[in-house]
Structure formats: structure tokens, C-alpha cells
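Structure, as C-alpha cells:
The values are calculated or read from the model by the stated rules, or taken from the named source; none is laboratory data. These numbers come from a predicted model, not from an experiment. Here the Cβ positions follow ideal geometry from the backbone for every residue, glycine too, while neighbour counts run over all protein chains shown.
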Amino acid sequence: MNLEDKNIRKALAEKYLSAETSVEEERALAIYYSDHQPEEDEKAFAAMVTAAAGEWLLSDEGAKEFDRIASPNAIPLKTNIFLWAAGIAVVAAAVALFFILNSRIPQEKPISPVEIAEGIDQLMNLKPDDITSITAIPQGSRAILTAKLKDGRECSYIMTIEEGTGNLSLVAVNIED
Amino acid sequence: MTREEFDIFSGKVRGELISVAGRINLGDGQPVEAEDIVQDALVRLWELSERGYPVNNPKALAIKITKNLCVSRYRKSQKDAIRLETADKPGGETAADFVEAAENQRIKSSLYNRLTPARQECIILRNDFGMSLDEIAETTGRPKESVKVLISTARKQMLEQIKEFL
């Protein structure tokens, strides 16, 4: 949806007045007009859209925008070829780390069900609206958490608990596109 | 959800919501006022519940509202920063722009106040909460087609009023 195109804006304006626009289209219109000077014939409409604009408390796009703003370096779920390459490298590193840790630290405290539950809870909070289920496989002092997303994709994480501090960490090892 | 259940729920999730809100900063290194945003988010969640919105997963909904409030606050801070940067520059925005921003809320109230209660209710649920037509229909108990007509009529009425202002 290219709102720089006046024809698209005009078409959306008509849909807006007929209450046929989606919430996200209305949000996009309000953001556009708050950032751009409207043309003469659009002034009244732009004024109404920006004045009436709320906070779209239930907007999915807004929640996704939060994730982009809050974690600009986070790996997005929709990956491109470069991120795939990075993902494969991370998987390789994680597998290597797994074997190294397994060989050097033979007696580790096994991860507890309570800790796993905490990990699942934290993972749920990363994408509360996108995740439909999470499976956990305990492996010694770690657990592999696999989140199934609404669109059918799966994301896997290695969950570890830092000894001493008890801090929980989740490392993404596979983000399926 | 009863008020008591809501209070217990709020106590449980407040810390987590503050942690979510604390993840964003306003561009100048200032974190958003996380506690204020969370308080606002919880109030809005209660309002939704009170209005009859189906709150199936209150925690997920509270997180979503918190995120949207953060984004709204972030966008506002970005715009304010641009205003400050350009205020004294030739061609930049003038004091009138500041007044205009402050006036938006007053204009909005003025426009809303002239609507019939039914139109006003639908417009608030749509614009402020971002509900879909189906959700508004479910929340208000009106048929979806009636909701659509109420919103459309309200918008056309507001547009005519704005044209009188300009």
C-alpha cells in the first residue's frame, strides 16, 4: 500500500468514509497524514483522520512495530537468505557448544520442571499473539523449547539456567521461514 | 472478569508489563515512563472488559495494549523532536504547529460530542481501541451492518464539521 500515490489515498479515503477500511489501513492513513503535509483538497479529510486518530490499542501492526522499535537488532521471524545463513551458523555453533559442554561438564544439575515452565512463560511473552503451542525437551542442564506459530512455522530455542545467578537465557537456534 | 479478579490479575502482571514497556526508549535515550504506560494499559484493559469486549487471554491483551501505547508514545516523541529541531528554521514548523498538536484533542472531543451516543460509542471503539467491525458488533450487541452504518455516518458528519472549521 503506497500512500505516496494520491490515487491510492483517494480510494482509501472513500473506503474510510464508508467504514470499509481495515483498522491497519486507518492506522496507516493517520500515520501518513501526521507525517506529510496534505494537498489542498485532502486537508479536511487529513485533519479528521489525524484528529480522530487514537492509539489503536488492539492493533497487531502496532504490536509488531513495537518489536521492531524495541529490538532493532532482533532476528525477525520472516527471514531472508542472509538471515538463513546466519541461522545455520548459529545452529552449527549451538550444536558444537552442546557437544563441548557435554564433554567438559559431565555432571550438571538437570533442569527442573519449574525452570522449564519459567522458560515457556518467557518464550510466550516474546510473541504472545503468534504462538499456539510450545514443546519442551529437557536435555541435562538445558532444554530445547520449540514454539509453534499460528502460521505453521516453528522456532526452536536452547534454554539454559546460569549457575549461581539462576538467570534464564533463550538462544534461538532455528527460525523456520 | 470481576473487579476483584482484575485487581489480582493486575498485581500479577504489572511487573512483567513494566519490563515490556521498559524495552523502548524515546530516541533521546530516555526510557518511556513505563509505570505510567502500564497503569494506562491496565485502565484501558478494564475499560474494554467493562464494555463487554471478550477478554479471553487478559495477559496477552495487556501486553498488546502496553506495546501499542508505547508505540503511540514513541511516535509522539519522534514528532515532538522533529518539531523542536525545525521550530526556528526557515520553512520549519511554527508555534502554530505546536498549538495545532495541542488542539487535536480538543477538536476530537468537540467532534465526538456532536455525535449521537450510538455513533460516538462505535467511533470510540474503532478509533481509540482499534476494534474491528466484528468486535464492535460483539461488544455493543449491534449487528455488524448497523455498526458499519453508524461509523460511516459519524465519519461523514465529522468531515462536514471539519470543513466548516477550515
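Report whether or not A:ALA46 is more than 7 Å from every other protein chain (Cβ to nearest Cβ), among the aliphatic types (A, V, I, L, M) and within 20 Å of the chain's Cα centre (by Cα). No; evaluated as a whole, the condition is false for this residue. Within the range A:38-59, count every residue that is assigned to a helix (DSSP H, G or I) and surrounded by fewer than 16 Cβ atoms within 10 Å (Cβ to Cβ). Summing the residues that are assigned to a helix (DSSP H, G or I) and surrounded by fewer than 16 Cβ atoms within 10 Å (Cβ to Cβ) in the range A:38-59 gives 3. The set of residues from the range A:14-37 being within 11 Å of chain B (Cβ to nearest Cβ), farther than 22 Å from B:LEU133 by Cβ and surrounded by 15 or more Cβ atoms within 10 Å (Cβ to Cβ) comprises just one member, A:SER34. Residue count for the range A:120-146 under the criterion of being among the small types (Gly, Ala, Ser) and touching a Leu at 6+ places or on another chain (Cβ under 6 Å): the result is 1. Scanning the range A:93-118 for residues that are modelled with pLDDT of 70 or more and of a type outside the set (D, E, K, R) yields A:PRO110, A:ILE111, A:SER112, A:PRO113, A:VAL114, A:ILE116, A:ALA117. Within the range A:132-150, identify whether any single residue is within 14 Å of another protein chain (Cβ to nearest Cβ), surrounded by 12 or more Cβ atoms within 10 Å (Cβ to Cβ) and more than 17 Å from the chain's Cα centre (by Cα), and answer yes or no. So far as the range A:132-150 goes, no, none of its residues is within 14 Å of another protein chain (Cβ to nearest Cβ), surrounded by 12 or more Cβ atoms within 10 Å (Cβ to Cβ) and more than 17 Å from the chain's Cα centre (by Cα).
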